[in-house]
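Below you'll find the structure, written out as structure tokens, and then a few comments.
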Amino acid sequence: MSSAAAIPQRAARRHSADANLRVMEMYGEVDEHRLVDLARTDRAAFAEMYRRHVQEVHAFARRRTGSAHEAEDVTAATFERALRGLHQYRHTPSGLRAWLFRIATNEIIDQARRRERLRSARGQRALHVLHADSTGDADADHRDSAGAFGGVSGDPQLIAALDRLPDRYNTVLSLRFIAGLEPADVATHMGITAGNCAVLTHRALAALRKQLNEGGNP
Amino acid sequence: MNDDHDLEQRLRHLGAAPTAPLSGRAVHDIEARVLATPTLQRPRWVPLVAAAAAVLLLVGVALALRHDGPDTMQPDTMQPATTPAPAPTTDDFTSTTTSLASTSTSGAPSSSTVTTTLPTDTQQPATPTTAGAVPPTPPSTSGGPTTATTPATSPATTPATTVPATTVPPVQIPDPSFALQVVRVGDRLVFSWPQYTGADGVRYMLIRVAPGGLAGWPPEQARIAKITPGLGMTTTDLLLPTTERRLWVLVVVGENRRLTAVSTIAISR
């Protein structure tokens with residue numbers, strides 16, 4: 001830009017209107033509260049919101065699903081849901097992050113349910129045939145949790161057991177221990193009291209242990 | 001209890017497992033997928049509320065014009081500094097207000113006066129204190145008295161110097177100094193421009209403008225299409241399936257959100 005060199009000098013002569021310009025917030029500088037308000041109607045603001053949170057949502061989905069492909073799907077679906085449901089979002093102390101984790105958890109549960117439906121008796125037979133050919137490979141595309149695709153050391157038995165839990169148990173354990181949310185934040189986003197959350201967590205752990213034992217794992 | 005603890009540890013360990021971050025390409029792909037989601041779903045009552053708000057806004061503007069009329073006409077009624085204006089009477093206020101109210105609804109001349117004199121009017125409360133001859137403003141009269149007292153204190157020849165300027169004047173929009181180009185690729189508009197090399201720029205801002213170009217600074221929030229994090233990029237894209245004619249400019253924003261440079265207008269379809 002040859003003429004650009006002259007621009008700074010001209011700009012320096014121009015009167016500063018800082019007072020007026022303070023009215024305008026740059027998306028890159030706005031706090032989360034305001035960004036969410038802007039994102040309700042403005043795609044550019046939503047895109048900024050996406051960029052701020054996409055990596056942590058993806059990391060959570062990656063750990064919780066154990067699958068790189070599924071984590072990407074969950075991440076995309078989470079933000080699609082967030083875009084559609086942003087008008088329902090209410091500001092809470094736990095912030096947008098916890099809300100996104102809750103959406104991601106719901107999406108993971110939905111995907112697990114859809115997967116289960118697809119596993120009809122016929123599908124199961126097909127899987128057995130595949131297993132006979134290459135032990136474990138049939139699940140490899142779904143659960144690449146051995147760490148070869150992204151560093152998750154993984155715990156496939158634990159993930160599978162979580163998927164079999166009732167939704168509320170699954171949600172409370174995912175948010176509390178995998179997403180690492182505080183009990184109060186989990187309670188807020190599940191619409192329950194902190195006391196109920198503690199009870200629910202205890203029962204969920206018991207149910208998870210039972211699932212693991214039934215699955216032949218400690 | 002111990003089992004619970006072990007299970008918690010196992011879950012926490014899963015939650016702390018290292019993960020590879022999404023690649024830039026994956027981030028971009030997911031962003032494109034997400035932003036291609038159909039329009040925001042709002043409750044059905046939102047359009048009704050918006051329409052009602054628009055009507056209220058129009059009514060409010062109309063009322064404001066009626067009340068602000070005398071103030072905005074103030075420079076036209078100024079007297080020379082050597083000839084103090086007679087103290088206004090209530091009748092004067094009434095007649096002024098009436099005539100201005102009718103003027104303000106008559107069209108362009110009144111609206112142009114509004115825009116040119118508004119900053120001066122904001123200083124009116126300070127003016128009477130500089131001249132003891134000014135009668136106190138009747139609190140029950142809206143707008144008119146302030147206007148009527150101004151001529152006695154403000155010389156018509158130098159109205160700006162008698163009023164301390166605390167309101168920031170409108171920013172002057174610089175002439176276009178670089179070219180912005182836009183091409184459509186499918187549902188996307190791809191913008192490109194030469195890199196800004198000045199030291200006073202911080203980021204680019206892509207703005208949708210009216211046919212007259214950038215009308216003011218800062219722009220309306222709704223017109224800002226994109227803001228870049230720095231000056232490193234010379235291209236960006238925008239998902240815009242509609243092929244309506246749109247006009248765009250790219251501006252360089254400096255420190256303190258100062259308008260530094262403006263591009264030519266690029267037209268997309």
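The values are calculated or read from the model by the stated rules, or taken from the named source; none is laboratory data. None of these values were measured; they are calculated from a predicted model. So basically every Cβ, Gly included, is an ideal-geometry build from the backbone, and we count neighbours across all protein chains shown.
Hey, among the residues in the stretch B:227-261 that are farther than 30 Å from B:PRO38 by Cβ and among the hydroxyl-bearing types (Ser, Thr, Tyr), which one's nearest to the other protein chains (Cβ to nearest Cβ)? It would help to see each step written out before you state the result.
First, pick out the residues of the stretch B:227-261 that are farther than 30 Å from B:PRO38 by Cβ: B:230-232, B:234, B:251-261.
When the remaining residues are screened for being among the hydroxyl-bearing types (Ser, Thr, Tyr), the result is B:234, B:260.
Numbers: B:THR234: 9, B:THR260: 5 Å.
Going through the qualifying residues, I end up with B:THR260.
Applying the condition of being crowded, with 24+ Cβ neighbours inside 10 Å and more than 7 Å from chain B (Cβ to nearest Cβ) to the stretch A:50-67 and asking which residue is nearest to B:MET205 (Cα to Cα) yields A:VAL57.
Within the stretch B:207-226, the residues that satisfy the criterion of being within 14 Å of chain A (Cβ to nearest Cβ) and over 14 Å from B:ILE173 (Cα atoms) are B:ARG208, B:GLU220, B:GLN221, B:ALA222, B:ARG223, B:ILE224, B:ALA225, B:LYS226. The criterion of at least 1 residues that are of a type in the set (S, T, N, Q) and more than 17 Å from the chain's Cα centre (by Cα) is met, among strands (runs of 3 or more DSSP E) falling completely within the stretch B:179-224, by B:181-185, B:188-192.
Residues in the stretch A:26-65 that are small (Gly, Ala, Ser) and under 13 Å from the mean Cα position of the chain (by Cα): A:ALA59, A:ALA61.
Residues that are among the acidic types (Asp, Glu) and without any contact (Cβ under 8 Å) to a residue 60 or more places away in the chain do occur in the stretch A:192-214. Taken over the stretch A:87-106, the residue count meeting the criterion of being surrounded by fewer than 22 Cβ atoms within 10 Å (Cβ to Cβ) and either among the β-branched types (Val, Ile, Thr) or without any contact (Cβ under 8 Å) to a residue 60 or more places away in the chain (or both) is 8. Would you pick out the residues in the stretch B:200-246 that are more than 18 Å from B:ARG184 (Cα to Cα) and of a type in the set (S, T, N, Q)? Result: B:GLN221, B:THR228.
Please verify whether B:LEU206 is at pLDDT 90 or above and within 20 Å of B:ALA32 (Cα to Cα), treating the condition exactly as stated. The answer is yes for B:LEU206. B:ASP175 meets the conditions (1) under 26 Å from A:VAL30 (Cβ atoms); (2) within 10 Å of chain A (Cβ to nearest Cβ); (3) surrounded by fewer than 16 Cβ atoms within 10 Å (Cβ to Cβ) in every case but one. The failed one is (1). Exactly one residue out of A:HIS189, A:HIS142 is under 26 Å from A:HIS58 (Cα atoms), at pLDDT below 90 and not in a loop (DSSP other than H, G, I, E, B): that is A:HIS189. Checked against the criterion of being among the aliphatic types (A, V, I, L, M), crowded, with 23+ Cβ neighbours inside 10 Å and more than 7 Å from every other protein chain (Cβ to nearest Cβ), the candidates A:ALA82, A:ALA76 yield just one match: A:ALA82. Residues in the stretch A:177-186 that are of a type in the set (D, E, K, R) and either under 14 Å from A:ALA207 (Cβ atoms) or assigned to a loop (DSSP other than H, G, I, E, B) (or both): A:GLU182 alone.
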